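Heads up: the structure comes next, in structure tokens.
The values are calculated or read from the model by the stated rules, or taken from the named source; none is laboratory data. Note that the structure is a prediction, hence the values are computed from the model and not measured. Using ideal geometry, Cβ is built from the backbone for each residue, glycine included, and neighbour counts are taken over all protein chains shown.
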Amino acid sequence: MRSITQSPNQSHAVFNVPVAVTVTLTHNCRRRAAPRHHRDWLGFLLKHISNQDLDYANFLAVMRLSPALRIGALIATICLCVQGQNPQTPPAKDAQVEAKGMPPRATPADYQSHTQAGTLTIAAEFAGHSVPSPQGPLSTEDYVSVEIGLFGAPDAKIKISTDDFTLRINGKKAPLSSQPYGMVIGNVKDPEWEPPEKVEAKSKTSLGTGGGGQGEKPEPGALPPVVHIPIEVQRAMALRVRKAALPEGDRALPVAGLVFFQYRGKVQGIHSMDLIYAGPAGKATLALQP
């Protein structure tokens, strides 16, 4: 039991809680507006009780307090009781999703290229400005992706990091570093999705023509219309990217997924390409086909 006393002729306020913690508090009962030491007392009360693991709080008042302090203490006890009875809301489902990767292909030979790095077999295939997924490919203008499969002995494990991979394009001295899939999410598009206003605009244009069968021409210098992608579509695309990305950390083999590199050029302009691995298994270089 913890108690705070000031003098014998002061009144007492007792708070009993089910974990056998009794807090006895005293205060000056002179009639006046709630002074600062009352506010300090209430802060101490909240801090002391909130440190206990309470499912509920029983409030027994045996006190003659100023109205402001009595109401404040009552509100504090009710709030703690409600907090103890209502567990925290679990995080949203999307927040729990991590990179799961893609299903590995049957053998390393099913990829465009494969090589050895110690006991690890690395297989890879260039996907260009595309993000393959089971629901269909997405497109990105600022990034290219490489589908990577890692194979090893049965029950083998390895620590994976996308930082272990770099991509050299057209023999440039400095290879491209891999980028987190989170950077790619804001740059992807679904080729199969079309904005509804585009269809409406076509129908209105057709009605507005004078029988010539041609729509109205846009004004010279007019900016293209702004396309607003619904939030549901954006979340669905982000989820597809996250699930397709190569998982990181200690993983059982085989495992596969996408690694992304920032490259805004056209794929047609790529003449040579090497995927470079430097990780726990050793070092290796794979020649890829654009």
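Whether a residue is out of contact with any helix residue (DSSP H, G or I) (no Cβ under 9 Å at 6 or more places or on another chain), in the same structural domain as I276 (by TED's automatic domain parsing) and either at pLDDT below 75 or assigned to a loop (DSSP other than H, G, I, E, B) (or both) was assessed, and R105 passes this test. Number of residues in the range 154-171 that are without any contact (Cβ under 8 Å) to a residue 40 or more places away in the chain and more than 22 Å from the chain's Cα centre (by Cα): the value is 1. For R264, indicate whether it is at pLDDT 95 or above and out of contact with any strand residue (DSSP E or B) (no Cβ under 8 Å at 6 or more places or on another chain). Yes; evaluated as a whole, the condition is true for this residue.
For the range 172-257, the helices (runs of 4 or more DSSP H) that sit wholly inside it and include 1 or more residues that are over 16 Å from the mean Cα position of the chain (by Cα), farther than 19 Å from H129 by Cα and modelled with pLDDT under 70 are 196-208. Determine, yes or no, whether S145 is part of a strand (DSSP E or B), free of Cβ contacts under 8 Å to residues at least 60 places away in the same chain and within 30 Å of P191 (Cβ to Cβ). When the stated conditions are applied, S145 does not pass them.
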